[in-house]
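Report on the structure given below.
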Amino acid sequence: MTVTNPYLKRVYDQVEKRDGDQKEFLQAVREVFETLEPAVEAHPEYEANGVVERLVEPERVIKFRVAWVDDQGAIQVNRGYRVQFNSAIGPYKGGLRFHPTVTESVVKFLGFEQILKNALTTLPMGGAKGGSDFDPRGRSDGEVMRFCQAFMTELNRHIGQFTDVPAGDINVGAREIGYLFGQYKRIRNEYSGTLTGKGLEFGGSLIRTEATGYGLCYYTSDALKALRNDSFQGKTVVISGSGNVAIFATEKATQLGATVVTASDSNGYIYDPAGINLHVVKDIKLNKRGRIKEYADRVPGSEYHEGSAGVWNVKCDIALPCATQNEIDGESAQKLVDNGCTVVCEGANMPSTPEAIAVYQAHNVLYGPAKAANAGGVAVSGLEMSQNSLRLAWTAEEVDERLKGIMNSIVTESLAAAKEYGLEGNLMAGANIAGFVKVANAMVAQGVL
């Protein structure tokens, strides 16, 4: 796949010249650009207003030192980031990731994807992302608290309920959000919905924890119905990861009639032909913060295999990657196809490499890209913002129905955009175009900023 439109090619070459060392960011930009050509050609006003040049350049990149003291009294120093990418359709919105792999490139790719993802939700949210190279694994609650407080001491001056509303991401769950929110409240002396993913006791939303995984399955179900007149019923599903996204995707896929046979972490994966026992996985991962290999010791008939990439060798009808970026390469994608997989929808951010996507397209795999398929998390974050502004809480049933409606609209809008621009049935192109056109039109209307 290549970028051939002269305008898009010129902008991509400029991005590559400026940010040539940021491979994840370049990958995200290239994947989007390769599908935008018909939309850009149909709207010459985008080039005249420099929309694409401005879209790929963040409005603000914040990079800061985070110094904190561990349990031994030693001073630790990490790097913190917040990339406020685009605010054309609403305040900046996007998660915080705490992981050793976090770099400026990773945060920029995530923020860029977030622009289009948030636009697809139909909610008024701009795109942002942030995080740190801090690793909370193996750290005590006290160490995590002190790190979060140090992180927020700097971040607080750049965020606010009408400016930028962070949420959680990898390794930033209820514990971390609680510490971050507490420090924000202490420093700013205000109680506002400036972070989402909060506990239910202090402004959180029901279904937020489940939202990305549930939304992924709602999206997949709607796409299956629209494009294949099919469903989850009776299907074998392979899911990677064992965090919130994977756990609740497993839960919802099972409720929809599928058998989920895998879960994984960074060390390896488990295979359970009888179907994953979620009670055990939740105990290991959510309660004990343990490793997935413990599952095989507790569930007869299951197997543990070293190496997380091996999960894609398991035979399945549907694959839902829910771990991390670039976890499926071309070879893994081919193995999925050879083993009968006909549907890949992404719960993680950019989990498929360009080579993997090429394999999906060559074999007519129903492919749901992350910015559409995993938008349920940020959608319910947006609903949490609404509830905080209204000073009320909706029931789980109300939030779940709104989530279902949002995921259905994402499938519908993606397919409509793909059809309008001569790419009928292409969910990836449709999602990119639908999100881009909404943001681009807002940017044109607001002038050169």
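For the stretch 68-183, what is the percent of antiparallel DSSP beta bridges, rounded to the nearest 5?
45 percent
What number, in percent, do you get for the relative contact order of the chain if the mean sequence gap of Cα pairs under 8 Å and at least 6 apart is divided by its residue count?
So the answer I get is 15 percent.
When you take every Cα atom in the stretch 308-449, what is the radius of gyration, and what is Dmax, the widest Cα pair distance, in Å?
Spelled out, the Cα radius of gyration and Dmax of the stretch 308-449 are 17.4, 52 Å.
Per the helix-only calculation at 222 nm, which mean residue ellipticity applies to the chain, given -39500 (n - 2.57) for every DSSP H run of n ≥ 4 and division by its residues, nearest 500 deg cm²/dmol?
Value at 222 nm, helices only: -14500 deg cm²/dmol.
Sorted from largest to smallest, which semi-axis lengths in Å does the alpha carbon gyration tensor of the stretch 6-56 give for its equivalent ellipsoid, taking the root of 5 times each eigenvalue?
20, 11, 8
Just name one of G95, G80, P44: the one whose Cα is farthest towards the positive end of the charge dipole of the stretch 6-112 (beta-carbon charges, Lys/Arg +1, Asp/Glu -1).
G80
Counting only protein heavy atoms and using a 1.4 Å probe, what share of the accessible area of the chain belongs to carbon plus sulfur, as a whole percent?
Ligands and nucleic acids excluded, carbon and sulfur reach 48 percent.
Using only the Cα atoms of the stretch 1-152, build the gyration tensor, take square roots of its eigenvalues as a ≥ b ≥ c, and label the shape rounded, prolate or oblate: rounded if a/c is under 1.5, else prolate if a/b is larger than b/c, else oblate.
prolate
What list of ³J(HN,Hα) couplings, whole Hz, do you get for the stretch 59-71 from phi and the Karplus terms 6.51, -1.76, 1.60, once you set θ to phi - 60° and write x for glycine and proline?
3J(HN,Hα) across the stretch 59-71, in whole Hz: 5, 6, 10, 10, 10, 8, 7, 10, 9, 8, 10, 7, 5.
How high is the relative contact order of the stretch 68-226, in percent, with contacts defined as C-alpha pairs under 8 Å that are six or more residues apart?
23 percent
In whole Hz and in residue order, list the ³J(HN,Hα) couplings for the stretch 230-240 that follow from phi through the Karplus curve 6.51 cos²θ - 1.76 cosθ + 1.60, θ = phi - 60°; x for Gly and Pro.
Going residue by residue, I get 9, 7, 6, 3, x, 8, 9, 10, 9, 10, 9 Hz, with x marking Gly and Pro.
Within the stretch 385-442, which trypsin sites (Lys or Arg not before Pro) sit in a loop by DSSP and count at most 11 neighbouring Cβ atoms inside 10 Å?
The qualifying sites are R391.
Note down the relative contact order for the stretch 210-372 as a percent, whole number, built from C-alpha pairs under 8 angstrom at least six residues apart.
Dividing the mean separation by the residue count of the stretch 210-372 yields 21 percent.
From the phi of every residue in the stretch 312-321, what ³J(HN,Hα) in whole Hz does the Karplus formula 6.51 cos²θ - 1.76 cosθ + 1.60 yield, where θ is phi - 60° and glycine or proline is x?
7, 8, 7, 5, 7, 8, 10, 10, 10, x
For the stretch 320-378, list log₁₀ I(q)/I(0) at each q in 0.12, 0.17, 0.20 Å⁻¹, using the Debye formula over Cα point scatterers of equal strength and ignoring solvent, two decimals each.
-0.23, -0.46, -0.63
Rounded if a/c is under 1.5, else prolate if a/b is larger than b/c, else oblate: which is the chain, with a ≥ b ≥ c the root eigenvalues of its Cα gyration tensor?
Rounded, since a/c falls under 1.5.
Would you mind getting the accessible area per residue of the chain, heavy atoms of the protein chains only, 1.4 Å probe, in Å²?
Numbers: 17560 Å² over 449 residues.
Normalised by residue count, the accessible surface of the chain is 39 Å².
Spin-label point model (7 Å from Cα, Cβ direction): what's the D297 to Q255 distance in nm?
3.2 nm
Is the shape of the stretch 368-449 rounded, prolate or oblate, going by the alpha carbon gyration tensor and its root eigenvalues a ≥ b ≥ c, with a/c under 1.5 for rounded and a/b larger than b/c for prolate?
Cα axes put the stretch 368-449 in the oblate bin.
About the Cα centre, and with charges only on the beta carbon of Lys, Arg (+1) and Asp, Glu (-1), how big is the dipole of the chain? Nearest 20 debye, please.
1060 debye
Looking at the chain, identify the longest residue range that excludes and avoids all chymotrypsin sites (Phe, Trp or Tyr not before Pro) in DSSP loops having at most 12 other Cβ atoms within 10 Å.
Result for the longest clean stretch: 192-449.
Taking amide hydrogens as modeled 1.01 Å from N in the peptide plane, which residues meet the under 5 Å criterion relative to C316, leaving out close sequence neighbours?
Answer set, sorted by chain and number: C341.
Just the number, please: percent antiparallel of the DSSP beta bridges in the chain, rounded to the nearest 5.
On the way: 24 of 45 bridges.
The answer is about 55 percent antiparallel.
Computed over the Cα atoms of the stretch 210-372, what is the convex hull's projected area averaged over all directions, in nm²?
Value for the stretch 210-372: 8.2 nm².
The values are calculated or read from the model by the stated rules, or taken from the named source; none is laboratory data. Worth saying up front: this structure is predicted, and the values here are computed from it rather than measured. Here Cβ is always computed from backbone atoms with ideal geometry, including for glycine, and neighbour counts include all displayed protein chains. Surface accessibility is based on the protein's heavy atoms, side chains included, excluding ligands, DNA and RNA. Shrake-Rupley method; radii C 1.70, N 1.55, O 1.52, S 1.80 Å.
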